[in-house]
Each structure stands twice: as structure tokens, then as C-alpha cells.
Amino acid sequence: MSCFEKKLKKRRQKFKSKNTREDRLRSRVNLTINLSRKLREQTLQKKRNINTSSDQTILELTDEQIEEEVQNIPNYINKMINGNIDEQYTSTQRIRVLLSIEKDPPINEILEHNGILTTLVKFLDYDNHQRLQFEAAWSLTNIAAGLTEHTRMVINAGSLPAFSRLIISKNESIQEQSIWAIGNIAGDCAEFRDKVIENGVVFNLINIIESNPRIEILKSTTWALCNICRAKPHPELKDPNALISVLIGLLDFQDIKVVSDSCWSLCYLADGQPDVIEYVVDQDICPKMVNFLKYPSPIINTPALRFLGNIVTGTDEQTQTVLNCGVLPILFELLIQGNTLNRKEVCWTLSNICAGSPEQIQAVIDQKFVPLVIEILKKDTYAVRKEAAWTISNLVYMGNVKQMIYLINNGAIDIFCDLLSLNDVKILNSCLESLTKILKLGDFFAKMSENQVNRCAQKIDEVGGIEKIDLLYKHQNVLLSKTSKYILDKYFPNYVTENYSEEED
């Protein structure tokens, strides 16, 4: 190794020691797709229409008839509490019909009556009157599809132990309705999800899947599990590997909804969870997920993309497992042709790959991502540009000298200076870090040259970067202020600024 190469290596090692792969990796923040309550209500409504064809005339009630039914709510509830079994069934059915109204069901008007929820929960134990049991389960399901306060009231009424039992009922209608109730409750928030788990629901749902149920039951079960896996903090499962193994088995199922929900569940479980990442990688499902990226619909390729993005937040070895599956050419196509969400996800995934080894960074460069990502930074949506900025920043910060020179020659300085106009502290800090490293490299080569000119500093000056760095000195973020001052003092000592004076040193 020549003296020049030794100096380069020493400087690079000294610089990188301050910022490891773990520092540059970014966990997913607010990127998880949440099923909106409106969408969930629409899905439930379609399911209710399918379940009972006799409801067709009821669901076609006019506004006047609905108002008349609402006026009868006190009478219905009185009969539910005090009537005979036939009156209880008929009245519970009328309450359920009102709760099945697609737009603005009168949930509050029903819940304002004392005893309604405890009565419905009591009916869940009426194994000898399964029609009433079913109507009660359906009513509670629809209430749990309301606001968080409604869901909490359903839980506080003691419904979870009963639903946990009923999801393994031999009556498939009751079983399916109870699964949907569990899915609604778990999907509301992490607190309710944890209460669902405490009632042993996950074990029962796994058993349902392993029993080879009919397709509608399987769809409801995978949807409920997806809601259980989704919220943060992550669910505390007694045996997460048992659930993961079942979900992996469903990836080969022929129904697209089952596969999609299974993908999403695996994606949520692997998000920032080293033990889960290690387990799923060992199960060799990365090739399947990479193949799912080719699926023409986002219902499959989006959760597969997110899953793989979570895997590359792991170790270099786990990232290499994904790269060995041939993911980069497919990501390249998704970055060109994918929707906005997928382009954002691809850039996020690339940013974490670029926090890896020089060989992994080189693989990204060899796939011609750099010109494409730079083009995205010029004209895509802000959300996509933000993730693309991290990709280029990590390429610079974690790359070797040769890779940095390639990036500089492809317009990295122009891009970083342009990004200094964004109002995002994390991106601004990242850009200043990258420019600092570029300037250090330029300084090193300047000392090796005859004219001692830092050409990287010259380029920053030419594209108006000095003025933007100067403006950041007065930024309220301390790190931004200090870094901008450091750059100006060290690399642009002759620049005249009004933003600070030497007395501040």
C-alpha cells in the first residue's frame, strides 16, 4: 500500500469511527399504513350484507323509517333487558339493524341507555340460543367499529373473554362475527390490542388457521391478526415464532387478501425487531418477498417492499441476504414505475442499504441508482425527495473515497446545497454532515495538489451553498448552528457574514 493510500485509509477510518452503520440506519417513523376507520367500516358493511340476505329490505329503510326506529330504541332496550327470550331476540336484532346503517349509525343514542352493553355481553353466553348470541356479537362488533370511546366501553363491559371463547365456536357465523369483533378492538390502538392478547386470542386464532377453515373464516382471521401485529409499541407475544411460522405458511395461499394481510403482519413484526428479523431471515422467505415485488398490484408488492425494507435495517449479513435475492434490479423498476408510496419506500430501503458495507454501496452504484435518485431529488414529491435525500447522504457518508468521488462527479454537491432550503432539521443536519465530509475530502486532495485549492469548496461557492450554510447559523437547532459555523470558519474563512462575529467564539 502506497503512502498516499495509507493516508486516505487513516483519514477515512478516523472519520467513519464517529458514525457507524447503526448511526446511519433509520427506523421507520410514522410510515406504517393504518387502516382508516372509514375503510374498516366499509369492509364490515359489505360483510354484513353478505351474511344475511334477509336484511336487504331492512337496510333499504327510508330516512323517516330510520328516525322512527331510533325513537323506538328505549322500547327495544327495555325488552332486551326485561322481556322474554323471543322479545330479547327480536329487539336485539332491531338494535343490530340500526347499528348496521352504513352512514352515521346511532351508536351514541343506543349507548346512552344503561345496561345495554352488559346485556349484549350477557347474550354472548347464550349458547342455547345461538341466533340471539349471533345478533349480540354482531351488535358489539359494530359498536367497536365506532370511536375509541365506544370500543373502550365494549371492552369495559367484559366482552373480551366471551369473544375469545366464541372465536372457536362450532357455529361458523358466530365464530366469524366474533373474529371481526376481535379485529375491530385490536385495530383501534395498542392498549386495546394488548388487552386482546391478554385474553389468549392469538393462540386461538393460530389454531383456527391450522384447522384449515373455509376461506371467509381464514380471511377474517388473517385480517384480525394483522390488526394485532400492527400497532406500536410492538405486541408482547408469548411465542412470536409460532405466529410467524403460521403467517409464512399463508404466503403460499391462493387468495390475494390472505397473502396481503400475512405480508403486512410479517412486515409489522419485523419493524425494528432484531430477533424477528433474524428468525424470518433464517426461514428463507426473502426470495419469496422479492418475487412478490413483481406483483402488479400494491396490495402485494407494497407490504413485500416494506418487509424487505425492514430486513435491511438489520446487520450487513441480513442486508446481503436480501441483495443476494436479486432485489436491486426490481427496486430500480419500482423507483421508475411505482406509485408515490412505493417510490418513497424504495428510497427508504436504499438509504439503509447504503448504510452498509462499501461492497453493498457499490452494488447500489453499479445498478445506476445514483442518477435516478438525483433526478428524483429535483422533481418528485416532498415525501419521496426526503427519503431520496437520505439515500444520497448515506452514500456519501458511508462510502469510500472512490465512491465519494463518483457521487461528487454526479452532482452530489449541487443536490446537498439545494436541499439546504428545506425546512427539515434532520435532513439539514444530514446534508451538512455530508458536505463536511466532502469538504474534508476536497481539503485532503487540495493539500496534495500544487495550487492547494479545495475544489469541493469552490463548487459549493459556485452553486450558492455558502449563503445557505450561513443562514443556518442562526437556526434554533444547536447542532445545525454549530456545524454551519464550523464549515464557514474552516473552509470559507474569507466569507463575510452578518450572522455571527468572532466575539461569539
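The values are calculated or read from the model by the stated rules, or taken from the named source; none is laboratory data. This is a predicted model, so every value here is computed, not measured. Neighbour counts are summed over all protein chains in view; Cβ atoms, including those assigned to glycine, are modelled from backbone coordinates with ideal geometry. Just so you know, the surface numbers come from the protein's heavy atoms only, side chains and all, with ligands and any DNA or RNA stripped out. Shrake-Rupley method; radii C 1.70, N 1.55, O 1.52, S 1.80 Å.
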- Message: Looking at segment 300-310, can you tell me whether even one residue there is open to solvent by 10 Å² or more (accessible area, probe 1.4 Å) and of a type in the set (Ser, Thr, Tyr)?
- Response: no
- Residues satisfying the stated conditions in segment 472-491, i.e. in a helix (DSSP H, G or I), farther than 17 Å from Ile408 by Cβ and in contact (Cβ under 8 Å) with a residue 40 or more places away in the chain: Leu472, Leu479, Leu480, Thr483, Ser484, Tyr486, Lys490
- Query: If Glu433 satisfies every condition in (1) within 27 Å of the chain's Cα centre (by Cα); (2) touching a residue at least 40 places away in the same chain (Cβ under 8 Å); (3) surrounded by fewer than 22 Cβ atoms within 10 Å (Cβ to Cβ) but one, which is the exception?
  - Reply: (1)
- Task: Kindly provide the set of residues from segment 298-320 that are in a helix (DSSP H, G or I), under 16 Å from the mean Cα position of the chain (by Cα) and not hydrophobic (A, V, I, L, M, F, W, C), ordered by number.
- Result: Pro298, Asn301, Thr302, Pro303, Arg306, Gly309, Asn310
- Message: Would you confirm, using the coordinates I've provided, whether Gln403 is at pLDDT 95 or above, under 26 Å from the mean Cα position of the chain (by Cα) and part of a helix (DSSP H, G or I)?
- Response: no
- Of those in segment 224-250 that are touching a Phe, Trp or Tyr at 6+ places or on another chain (Cβ under 8 Å) and open to solvent by less than 30 Å² (accessible area, probe 1.4 Å), the residue modelled with the lowest pLDDT is Arg230
- Checked segment 289-340 for anything out of contact with any helix residue (DSSP H, G or I) (no Cβ under 8 Å at 6 or more places or on another chain) and of a type in the set (Val, Ile, Thr); matches are Thr315
- Check on Glu64, loosely packed, with under 12 Cβ neighbours inside 10 Å and either at pLDDT 95 or above or in a helix (DSSP H, G or I) (or both): yes
- Note on the structure: Being within 35 Å of the chain's Cα centre (by Cα) and open to solvent by less than 20 Å² (accessible area, probe 1.4 Å) narrows Leu471, Leu480 down to just Leu480
- Looking for whichever is open to solvent by 10 Å² or more (accessible area, probe 1.4 Å) and hydroxyl-bearing (Ser, Thr, Tyr) here; the options are Thr381, Thr319. Which one fits? Thr381
- Item | Odd one out for Gln362, checked against (1) within 20 Å of Leu420 (Cα to Cα); (2) modelled with pLDDT of 95 or more | (1)
- Message: Regarding segment 337-346, can at least one residue be identified that is open to solvent by 40 Å² or more (accessible area, probe 1.4 Å) and acidic (Asp, Glu)?
- Response: no
- Output for segment 441-469, where each listed residue is free of Cβ contacts under 8 Å to residues at least 12 places away in the same chain, in a loop (DSSP other than H, G, I, E, B) and of a type outside the set (S, T, N, Q): Glu450, Val453
